[in-house]
Every structure is written in C-alpha cells, then in structure tokens.
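Here the structure comes first, spelled out in structure tokens, and everything after it is commentary.
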Amino acid sequence: PSPYLTFSVHLDGLKEHHDRCVDREGVFDKAVQGIKAAKARGFRVTTNTTVFEGTDAREMQEFFDFLATLGIDGMMISPGYSYEWAPDQDSFLKREQTRALFREILSPWKSGQKKWNFNHNPLFLDFLIGEQDYECSPWGSPSYSLLGWQKPCYLLNEGHYKSFRELLEETNWDNYGRSSGNPQCTDCMVHCGYEPTAAMAAFKPANMRRAMQSLIGV
C-alpha cells in the first residue's frame, strides 16, 4: 500500500445494471470482492462510473450510497461518450441530456443532503450540471502504455506515438474540443478532457473559494 498507488475499479451501477452494461453476469460481485480485499489490506481504492442514456437517477443515487459502505477513497463519474467504434450507439448522451440527468443525479449532493466522496474537482461536477461551461483540454490527461503514448483523444482510437515529444509536436491540437468544429467532439463532456480545464479554472480566486467550501462541506 502506498498513497501513490490507486486501484481504480470500473463500476457502472448496481449489480443488474453493471452486469448488463458489460454484458457478463457476475462481474459486479467479483469487482466488489476485489474492492473489499484491497481495502482490507490497506490499499487506496477508487471507482470510475460511466453514466449512459436511460440511467435511472434514483438508482444511481442508491449506487453511490452503496459505494460509501465499501469505504472507498473516492468516486469518479463521467457521461458516456458516443465514440464511433462502440457497438451500442443508442446508449450515449447528448450535451443537454447530460446536464439534465446529472442535475437530477447530483441534486442531493448539491443540496448537502448527501456527502458522497467524489474524486473530482467540484468545478467539473458543476460543469456536468450546466453551472460552468468549459472547453476541452485534450493534452490534460496523457496516457502511456506498452503501445506508446496514446494519441488524443483516446476515445477516438487514433493510435499511438513512440515518444512524448512526438505526441506534443505532431498532434494537431486544434482538432479537438467543441470549438474545433470536429463533429466527434460536439456532445463530449468526458472527464479526461474537461476535468483538466476545471482544475486550471480552480486557480481563479472565486473558484478556489468554491472548491475549498466543497472540500469542507460548507
């Protein structure tokens, strides 16, 4: 166990919903067993949840309550993004759908009724419900694997560069984000691109106060 090591477990909802999303029964139970085992051994564990079109807001709130009972160290949430190589194109949210659904899901958290432990800058959550408007920072979450440096955005599945220098110098950064005019970016509000923007915005004095108030529960 180390504060620099985190197990991030992807769970899209309670048992029936999650197993339907991943198209395999029993995955939810195994994931929960793994979370409990890791926490029992002192590891830092967070969850990552994708919210799709048709998600029931009350069920998602019950899911957050359940995660709290596991003693996890934070939750991440993100709207489903309609990337073209996904086999199911009917479960993704448009921008206004995203805002309306997240406003409903997060209403108990916004009102202070729930103290859900989100592993997010609160400004990103404000963005999801339409209280902030940001542009994508596609360079904000670089990803490296055995294949090399992932070309942004990873959801577009554009391949990899061999070096970080190639990533910086050969990427057409103007081709990403809503303002680029790229139709693939029109409805995207995924945290890998927008949370870095929210993090930079947090350094503005008024936003720093907002973030601190959220952290201490005011």
In segment 181-196, the residues that are surrounded by 16 or more Cβ atoms within 10 Å (Cβ to Cβ) and either in a loop (DSSP other than H, G, I, E, B) or touching an Asp or Glu at 6+ places or on another chain (Cβ under 6 Å) (or both): 182, 187, 188, 189, 190
Filtered residues of segment 164-177 (kept if open to solvent by less than 40 Å² (accessible area, probe 1.4 Å) and either in a strand (DSSP E or B) or out of contact with any Gly (no Cβ under 8 Å at 6 or more places or on another chain) (or both)): 167, 171
Pair list, Cβ under 9 Å, 6 or more apart: segment 56-78 residue on the phi > 0 side of the Ramachandran plot, other residue open to solvent by 10 Å² or more (accessible area, probe 1.4 Å) and in a helix (DSSP H, G or I): 71/36; 71/39
Residue match in segment 155-162 (condition: over 18 Å from the mean Cα position of the chain (by Cα), within 29 Å of residue 44 (Cα to Cα) and assigned to a helix (DSSP H, G or I)): no
Pair list, Cβ < 8 Å and 6+ apart or interchain, from segment 9-23 residues that are farther than 12 Å from residue 47 by Cβ to residues that are open to solvent by 80 Å² or more (accessible area, probe 1.4 Å) and in a helix (DSSP H, G or I): 14/62
Wholly within segment 1-84, helices (runs of 4 or more DSSP H) carrying at least 3 residues that are within 19 Å of residue 120 (Cβ to Cβ) and under 17 Å from the mean Cα position of the chain (by Cα): 57-69
From 144, 154, residue being open to solvent by 30 Å² or more (accessible area, probe 1.4 Å), of a type in the set (Phe, Trp, Tyr) and modelled with pLDDT under 90: 154
Pick from segment 197-218, criterion assigned to a loop (DSSP other than H, G, I, E, B) and farther than 24 Å from residue 79 by Cβ, ranking: modelled with the lowest pLDDT: 218
Output for segment 110-138, where each listed residue is open to solvent by 40 Å² or more (accessible area, probe 1.4 Å) and in contact (Cβ under 8 Å) with a residue 40 or more places away in the chain: 114, 115, 117, 119, 132, 135
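Go through the residues of segment 14-22 one by one and say whether even a single one is among the β-branched types (Val, Ile, Thr), open to solvent by 30 Å² or more (accessible area, probe 1.4 Å) and farther than 21 Å from residue 80 by Cβ.
At the first step, the residues of segment 14-22 found to be among the β-branched types (Val, Ile, Thr) are 22.
Next, from what is left, pick out any that are open to solvent by 30 Å² or more (accessible area, probe 1.4 Å): 22.
Next, only the ones that are farther than 21 Å from residue 80 by Cβ stay: none.
Taking every residue of segment 14-22 in turn, none turns out to be among the β-branched types (Val, Ile, Thr), open to solvent by 30 Å² or more (accessible area, probe 1.4 Å) and farther than 21 Å from residue 80 by Cβ.
Okay, residues lined up against (1) in contact with a Phe, Trp or Tyr (Cβ under 9 Å, 6 or more places away or on another chain); (2) surrounded by fewer than 13 Cβ atoms within 10 Å (Cβ to Cβ); (3) modelled with pLDDT under 95; (4) more than 30 Å from residue 178 (Cα to Cα):
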position: 26; (1), (2), (3), (4): no, yes, no, yes
position: 34; (1), (2), (3), (4): yes, no, no, yes
position: 43; (1), (2), (3), (4): yes, no, no, yes
position: 46; (1), (2), (3), (4): yes, no, no, no
position: 52; (1), (2), (3), (4): yes, no, yes, no
position: 74; (1), (2), (3), (4): yes, no, no, no
position: 81; (1), (2), (3), (4): yes, no, yes, no
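The values are calculated or read from the model by the stated rules, or taken from the named source; none is laboratory data. Predicted, not measured: the structure shown is a model, and the values here were computed from it. Positions of Cβ are generated from backbone atoms using ideal geometry, with glycine treated the same way; all protein chains shown enter the neighbour counts. Ligands, DNA and RNA are stripped out before the accessible areas are found, and what is left, the full protein with its side chains, is counted by its heavy atoms. Shrake-Rupley method; radii C 1.70, N 1.55, O 1.52, S 1.80 Å.
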